[in-house]
Amino acid sequence: MNEKIKKITQNPKLLVVIGLCGIALIFISSLFGGEGKSEKSDIKEQTYTAEEYRVTLEKDIKNIVTGITGDKRATVVVTLESGIRYSYASADETDTTSATGSTTDQSSESKKQSYITVKTADGGEQALIVTEIMPEVRGVAIICDGGNNEIIAEKIKNAVTAALNITSKRVYISGGTG
């Protein structure tokens, strides 16, 4: 077997033919091999609005309250400080010039900031998002059965403040009328 490989590697014409066959096979497989796959290899953008974020937080807190009190009819309202903020990739350029005169030296510096853009699926351009900063929670109001009980209210308040990383002053809990 080793002798056959030595004979093949010593014949340069045969090596070229084998190489071209390999390239042709790769080319053919790229044309026909991906039929079952989607030709679109764009990364799907996940758009998440502040409203969806608020609703998700309310559902999560309601699950916490239900877990503590057993009340499936609890009402939870979350208020947010602002909308979602984005940080974009940018390229900064600094241009420094200096001039010397007969009596004074002068220098000036100018900064240019431009954002890095990527092409979208529809052919347009969009700034490249580096980070997505979710809004801070302004406050949480909870109305549930057992909310007037100090021990249950304290458990709920501790769970909510730990889950949202907010102070206890931002959480209001009251008992239901029901």
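The values are calculated or read from the model by the stated rules, or taken from the named source; none is laboratory data. Fair warning: this is a prediction, and the values are worked out from it, not measured in the lab. All Cβ positions, glycine included, derive from the backbone under ideal geometry; neighbour counts span all protein chains shown. Protein only, heavy atoms only, side chains kept; ligands, DNA and RNA dropped before computing areas. Shrake-Rupley method; radii C 1.70, N 1.55, O 1.52, S 1.80 Å.
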Notebook entry, point to check: Listed residues 93, 81, 109; which is charged (D, E, K, R), touching a strand residue (DSSP E or B) at 6+ places or on another chain (Cβ under 8 Å) and at pLDDT 80 or above?
Noted result: 81
Next item on the list: Within the range 146-165, count every residue that is in a loop (DSSP other than H, G, I, E, B) and farther than 15 Å from residue 77 by Cα.
Entry: 4
Note to self: Need pairs with beta-carbon distance below 8 Å; first residue farther than 13 Å from residue 147 by Cα and within the range 65-90, second of a type in the set (Phe, Trp, Tyr) and open to solvent by 30 Å² or more (accessible area, probe 1.4 Å); sequence gap 6+ or separate chains.
What the structure shows: 80/53; 84/48; 84/53; 88/115; 89/115; 90/115
Checklist line | Residue pairs meeting the criteria (Cβ under 8 Å; at least 6 apart or on separate chains; first modelled with pLDDT under 90 and open to solvent by 30 Å² or more (accessible area, probe 1.4 Å), in the range 167-178; second among the aliphatic types (A, V, I, L, M) and in a loop (DSSP other than H, G, I, E, B)) | finding: 176/74
Note to self: Which of the numbered conditions does residue 76 fail, given that it passes all the others? Conditions: (1) part of a loop (DSSP other than H, G, I, E, B); (2) modelled with pLDDT of 70 or more; (3) open to solvent by less than 60 Å² (accessible area, probe 1.4 Å).
What the structure shows: (1)
